[in-house]
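J.: To start, I am sharing the structure in question, which I have written as structure tokens.
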Amino acid sequence: MYTPPKIWQPDTESGGRFANINRPTAGATHEKELPVGEHALQLHSLATPNGVKVTVMLEELLELGIQEAEYDAYPIDIGEGDQFGSGFVAINPNSKIPALLDRSTTPATRVFESGAILTYLAEKFGAFLPEEASARAECFSWLFWQMGSAPYLGGGFGHFYAYAPEKIEYPINRYAMEVKRQLDVLDRNLGARQFLCGEKYTIADMANYAWYGALVLHNIYDAAEFLDVASYEHVVRWATAIEERPAVQRGRRVNRAWGPEELRVIERHSASDFE
Ligand SMILES: N[C@@H](CCC(=O)N[C@@H](CS)C(=O)NCC(=O)O)C(=O)O
């Protein structure tokens, strides 16, 4: 039984996995310039679900033949604290991947938060976001739904089920209930439509696929059986169809520093990096 003290103090000893990168303050911890490539778009990221959303979008734009979407992608090793380097913090004061710098504008445009990056790219290139107001609102609804919901999946369920130093029934129950509810929200919607916002594939699908696709197709947190993810048939059908797209297969590999060697593209500068 824990009795909170009058004034909270950080306890980095028993914080579980990732405790070493957690601290109660923001800002840079060290001076470190970011590398700069030849393209206008400079992405600093990692192939986690939040990172994959953006590399999928960039590869989808390139698949459409939009050359201006060429980009340099550099890895940020969040386990080593790269997200607290001065160069990275200048593009993302929140010290989390992904972060994008667009050098085609004067001054350069920084964008952080994966949902904001997807929207920025969709608006810049006029793709994967409906123009018409009602359809656009539906797309933003599902995009923001993902941004608000996934922290309960990752930071809530994933943390307590997979990473916390001990299995505690109360938070696991609470977050398993919420994640199953979220899967049911998606499943009911996808039972009536091909994609989340209707018959067209949009940034809302990319954002949601990165998290819920990983859950139903790739057993993240080793929880596929525990959450009975196979029972959400429409979600599985939708995620499988998205994952077959060549751009998605490429996007999943960018800034990936783990898994089979032949699938890793730790830095990406051109299409030839996938060969
Ligand atoms: N809401 C943010 C979340 C980003 C996020 O949580 N990124 C994680 C990796 S998936 C991170 O950089 N963690 C490092 C840290 O917390 O220090 C987004 O969607 O961009």
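The values are calculated or read from the model by the stated rules, or taken from the named source; none is laboratory data. No experiment lies behind these values; they were computed from the predicted model shown. Quick reminder, even Gly has a Cβ in these numbers, built from the backbone with ideal geometry, and neighbours come from all protein chains shown. Side chains included, ligands, DNA and RNA excluded: accessible areas come from the protein's heavy atoms. Shrake-Rupley method; radii C 1.70, N 1.55, O 1.52, S 1.80 Å.
J.: What figure in square angstrom, to the nearest 10, would you give for the accessible area of Ile97 with a 1.4 Å probe?
T.: For Ile97, solvent-accessible area is about 20 Å².
J.: Using a probe of 1.4 angstrom, how much of the accessible area of region 128-172 is carbon and sulfur, in percent?
T.: 60
J.: Which sequence of Cys139, Cys197 reflects their accessible areas, 1.4 Å probe, from the largest down?
T.: Final ranking, largest accessible area leading: Cys197, Cys139.
J.: Leaving out ligands and nucleic acids, and using a 1.4 Å probe, what accessible area per residue does the chain come to in Å²?
T.: That works out to 51 Å² for each residue.
J.: Calculate what fraction, in whole %, of the accessible area of region 1-124 sits on carbon and sulfur atoms when a 1.4 Å probe is rolled over the protein chains.
T.: 55
J.: Please compute the contact order of region 1-143 in relative form: average sequence separation of alpha-carbon pairs under 8 Å and at least six residues apart, divided by the residue count, as a percent.
T.: 24
J.: What is the distance, in nm, between label points placed 7 Å from the Cα along the Cα-to-Cβ direction at Asp11 and at Glu243?
T.: 3.8
J.: Cut-off under 20 Å on the C-alpha distance; same-chain residues fewer than 8 positions from Lys167 excluded. Which aspartates and glutamates are left, in chain and number order?
T.: Asp11, Glu13, Glu178, Asp222, Glu225, Asp228
J.: Please give the solvent-accessible surface of His234 in Å², to the nearest 10, using a probe radius of 1.4 Å with every protein chain present.
T.: Here the residue's solvent-accessible area equals roughly 70 Å².
J.: Counting alpha carbon pairs within less than 8 Å and at least 6 residues apart, what relative contact order, in whole percent, applies to region 123-251?
T.: 26
J.: Right, another one. Can you tell me the FRET efficiency between Glu132 and Ser104 if r is taken as the Cβ-Cβ distance and R0 is 35 Å, rounded to the nearest 0.05?
T.: My answer for the efficiency is 0.80.
J.: Over the Cα atoms of the chain, compute the convex hull volume and normalise it per residue, giving Å³.
T.: Roughly 152 Å³ of hull volume per residue.
J.: So, one more: With springs connecting C-alpha atoms under 10 Å apart, model the chain as a Gaussian network and identify which of Phe112, Phe125, Phe88 has the largest mean-square fluctuation.
T.: In this elastic network of the chain, the residue with the biggest mean-square fluctuation among Phe112, Phe125, Phe88 is Phe125.
J.: At what distance in nm do the modelled label points of Met177 and Phe274 sit from each other, each positioned 7 Å from its Cα along Cα→Cβ?
T.: Result: 4.3 nm between the two label points.
J.: Once label points are set 7 Å from the Cα along Cα→Cβ at both Thr29 and Met147, what is their separation, rounded to one decimal in nm?
T.: About 2.7 nm separates the two model spin labels.
J.: What number, in percent, do you get for the relative contact order of the chain if the mean sequence gap of Cα pairs under 8 Å and at least 6 apart is divided by its residue count?
T.: 23
J.: List the aspartates and glutamates whose Cα lies under 19 Å from the Cα of Lys200, skipping any in the same chain that are fewer than 8 positions away.
T.: The reachable aspartates and glutamates, counting only those whose Cα sits under 19 Å from Lys200, are Glu59, Glu60, Glu63, Glu123, Glu131, Glu132, Glu138, Asp187, Glu243, Glu244.
J.: Here's a follow-up. For region 102-253, with only Lys/Arg (+1) and Asp/Glu (-1) charged at the beta-carbon, what is the dipole magnitude about the Cα centre, in debye rounded to 20?
T.: The calculation lands at about 400 debye.
J.: Then there is this: What is the antiparallel percent of DSSP beta bridges lying wholly in the chain, to the nearest 5?
T.: Counting only bridges with both partners in the chain, antiparallel ones make up about 60 percent.
J.: Additional query: Could you name the lysines in cross-link range of Lys96, using Cα to Cα under 18 Å and dropping any fewer than eight places away on the same chain?
T.: Answer for Lys96, where 18 Å is the Cα cut-off: Lys32, Lys53, listed by chain and number.
J.: Express the carbon and sulfur contribution to the solvent-accessible surface of region 177-275 as a percent, rounded to the nearest whole number, probe 1.4 angstrom.
T.: Carbon with sulfur: 51 percent of the solvent-accessible area.
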